[in-house]
Structures are given as C-alpha cells and as structure tokens.
Amino acid sequence: MQIHAAILWEQGQPLSVEPAELDAPGPGEVLVELKAAGVCHSDLHPARGDWPAKTPLVLGHEGAGIVREVGTSVSGVKAGDHVVLCWAPACGVCAPCREGRAVLCDRVEKVTFRNKLPSGAARLHARGQHVAQFLGTACFSEFVVVPEAGAIPVPADVPFEALATIGCAVVTGVGAVINAGQVPRGARVAVIGTGGVGLNVVQGATIAGCEQIIAIDLRPVPLAIAQQFGATDTIDASGDVPAAVRALTAGRGADFVFDTVGSPATLTTALASTRKGGAVVLTGLSRVDSQGSIAMFPFVMQEKRLIGSVYGSGQPARDIPRLVSLYQEGKLKLGELVSRTYRLDQVNDALAALAASDGARGVIRW
C-alpha cells in the first residue's frame with residue numbers, strides 16, 4: 001500500500017516526508033494505522049547522529065493507533081482494536097523472558113536494536129530501497145507493520161493523544177520507580193531532569209506514596225510542570241545540587257535519585273545526592289561513547305547502589321494495560337504530558353522543539 005512516512009536518509013540532515021510503499025503484514029504481524037505518535041529524545045539521538053544508525057530509516061517508537069489488518073496466525077488482536085505500540089516485543093522463551101525480565105529479551109537485543117522486525121522481513125520501501133523501521137516500529141508514518149506482540153490492546157474510549165507517550169516515556173518513568181527501584185511508601189526521592197521520562201518518574205513516585213519528591217532541572221517551566229505532577233520541592237540545577245538535596249532531606253540525601261538525563265555530570269550529581277545506603281536509578285541515555293566516573297571509596301563505604309533501568313524494567317505487555325487503568329481511575333496524568341501537537345509534515349519542527357524543550361512532550365497527530 002502507498003503511505004507517507006518521514007524518512008531519515010542521512011544522519012544530521014532533516015527528515016524527508018515522502019511517499020513510501022508498505023507491504024501487507026506477514027505471519028504473526030499486524031498492520032496499524034497510526035493516530036498519534038510521541039516525539040522522544042531517543043528519536044532525536046539517531047536523527048542528529050549521537051547514536052550510530054544505518055539509513056534510510058523511519059524514526060518514531062511511541063505510538064498508538066487502530067489495527068487495520070492481521071497476518072496469519074495472529075490471535076491476540078483483531079482488525080478494529082485500538083493498540084499502543086511496544087517497541088520491545090518479547091519472545092517469551094529466552095532466559096531473561098523466563099526470569100520475568102521481558103525488557104532484556106535476547107531477541108529484542110538481536111532484532112529490535114538493529115531496527116528490524118522479528119521476522120527479518122523488510123516491509124517498508126522508498127526510492128527503490130528497503131527502509132528500516134526504528135526499533136521495529138517506525139511511528140513517524142501513516143501506517144506501520146509490527147509483530148503481534150508489539151501491538152498492545154487498550155480500551156477504545158481512551159484518547160489517542162493520551163496514549164501516544166504511554167508506550168515509552170510513561171512506562172519507562174513509572175516503571176523505573178515501581179519495578180527497578182521498588183521504591184517503598186514514605187521514601188524521599190529526587191529526579192534529575194523533568195522531561196517526558198522525568199515527569200513520569202515524578203508520577204511513579206506519587207503513585208508509590210513517596211513522602212518527598214524533589215524535581216531538579218535547569219529550566220523553570222519544566223520544574224513548574226513537575227509540581228503539577230506531584231513534585232513537593234524543586235531545585236535549580238545550575239547551583240550545588242547535592243547540597244540543596246541534603247538541605248531538603250535533613251542533611252542525609254535522598255533515598256533514591258533518578259537520573260533521567262544520563263550524562264557523566266548528572267551521574268556524578270546523582271551519586272553525591274544519595275544518602276548512605278541509598279540508590280541511584282539511571283534511565284537516561286547519552287551518547288554511546290559517554291563515560292561516567294564514580295568516586296569508588298565513598299561508593300563502597302556508604303554502600304550506595306547504582307541501578308540501570310530500561311523501558312521500565314518490567315513486562316510492557318502487562319504494564320501498559322495497567323497504566324491505562326491507572327489513567328482511567330484518575331491516578332495517572334497522560335493528556336497533561338502533551339504540550340505541543342504537530343502534523344507529520346512538521347516532524348522536523350517537532351524534533352527541533354524537543355531539543356529546546358521547556359517541558360512536557362510533542363505529539364504528531366493524524
């Protein structure tokens with residue numbers, strides 16, 4: 001079928017919105033008409049060349065839409081279902097999957113992170129070439145073909161704009177608190193970076209019943225938004241952040257510090273802001289060649305912990321419907337995460353706004 005997609009032909013250059021050809025879904029695959037797609041820093045990194053990527057490539061990995069066609073052997077979804085796309089569809093049989101750690105699925109590492117479908121087929125084509133689907137999703141296009149496990153059914157009465165970011169930013173942020181950190185009720189937490197993921201860490205901490213939630217950012221607008229999402233205190237990151245965190249926590253430091261930025265500087269800040277026996281949960285992704293440093297002696301003597309968390313550290317097929325239920329119960333903000341909406345032909349504007357963002361997220365709507 002003929003569609004329009006935003007194609008990255010060369011890293012560091014604007015995306016080109018142009019006609020493309022999309023094949024019908026094969027066995028175990030589904031065709032989804034996109035209705036909303038979030039614009040995430042994980043799309044910005046390959047677009048700018050921060051991460052290596054083979055082109056041509058269609059970016060976009062946060063999306064929601066309607067199933068229009070299913071391939072043979074598909075039983076979990078049907079035409080007409082509303083779905084949230086999951087860029088890490090687990091195989092269910094490898095060692096991490098059997099351990100309940102679906103986001104570490106061996107197949108995801110071998111296929112999704114190489115921008116391929118599990119079947120190995122190339123379903124998208126333009127200018128006589130195969131076009132790769134970023135993280136196997138390619139949400140910056142009108143229609144996509146994804147594996148059945150990559151389309152999670154959700155209730156039809158939830159607005160697509162609210163669903164747009166749940167498949168990555170929301171599950172990543174909330175899951176970092178609930179699954180990776182296993183933060184107990186009454187804890188004191190700090191969140192470095194209050195963008196899309198950071199705001200959802202704040203929400204996760206609110207849901208977990210944390211006593212104190214300290215939002216840290218360089219920009220005043222994201223800090224103000226963080227307070228709307230449950231932050232009890234804010235810190236301007238241009239100052240001495242560890243000292244400010246200790247001042248707000250009776251001199252001890254936070255029980256948990258969530259670094260959603262992922263730079264060497266923020267990692268150092270996070271560790272220095274954590275109390276003895278506390279933990280740093282790192283969700284932010286920087287350049288692939290970035291190296292952080294740890295002051296090893298106090299790290300050992302104070303028994304601090306450093307925890308990596310990808311995609312919420314849980315099981316997206318389970319966690320995404322649970323998050324939708326929390327939204328329906330009024331316990332999770334989704335629509336409030338969206339501050340800007342764009343058409344597909346404005347995708348480069350959306351990426352530019354993200355790079356200079358003053359908080360919340362941009363969403364492409366059809």
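The values are calculated or read from the model by the stated rules, or taken from the named source; none is laboratory data. Here the structure is a predicted model, which is why all the values come from computation and not from measurement. Cβ coordinates were reconstructed from backbone atoms using ideal geometry, including for glycine residues, and neighbour counts include every protein chain displayed. Calculation scope for accessible area: heavy atoms of the full protein, side chains included, ligands and nucleic acids excluded. Shrake-Rupley method; radii C 1.70, N 1.55, O 1.52, S 1.80 Å.
In table form, for the structure just shown:
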read-out: Rg and Dmax of the chain, Cα atoms only, in Å; value: 20.0, 64
read-out: Residue-level accessible surface for ARG275, protein heavy atoms, 1.4 Å, Å²; value: 60
read-out: Segment 287-366 versus segment 53-80: alpha-carbon centroid distance in Å; value: 21
read-out: Net +/- balance of residues flanking ILE207 in space, Cβ distance below 12 Å, scoring K and R +1, D and E -1; value: +3
read-out: Rg/Rh (Cα only; Kirkwood hydrodynamic radius) as it applies to segment 302-350; value: 1.16
read-out: Segment 202-244-segment 1-51 distance, computed between alpha-carbon centres (Å); value: 33
read-out: Max mean-square fluctuation residue, GNM over the chain, Cα-Cα springs under 10 Å, options ALA254, ALA270, ALA224; value: ALA224
read-out: Bins of 10 Å from zero: percent of alpha-carbon pairs in segment 1-108; value: 13, 32, 39, 15, 0
read-out: 22 Å Cα-Cα reach of LYS276 towards lysines, excluding residues that sit fewer than 8 places from it in its own chain; value: LYS304
read-out: Protein accessible area in segment 219-282, 1.4 Å probe - carbon and sulfur %; value: 56
read-out: Karplus-derived HN-Hα couplings along segment 138-147 (A = 6.51, B = -1.76, C = 1.60, θ = phi - 60°), whole Hz, x at Gly and Pro; value: 6, 6, 8, 8, 5, 9, 9, 10, 9, x
read-out: Computed helical MRE - 222 nm, the chain, DSSP H runs ≥ 4 contributing -39500 (n - 2.57), nearest 500; value: -6500 deg cm²/dmol
read-out: Partners for LYS54 among lysines (Cα-Cα distance below 18 Å; same-chain residues under 8 apart left out); value: LYS110, LYS116
read-out: Contour excess over end-to-end distance, with Cα ends at THR341 and LEU218 and 0.36 nm allotted per residue; value: 41.9 nm
read-out: Mean accessible surface per residue for the chain, computed with a 1.4 Å probe while every protein chain stays in place, in Å²; value: 41
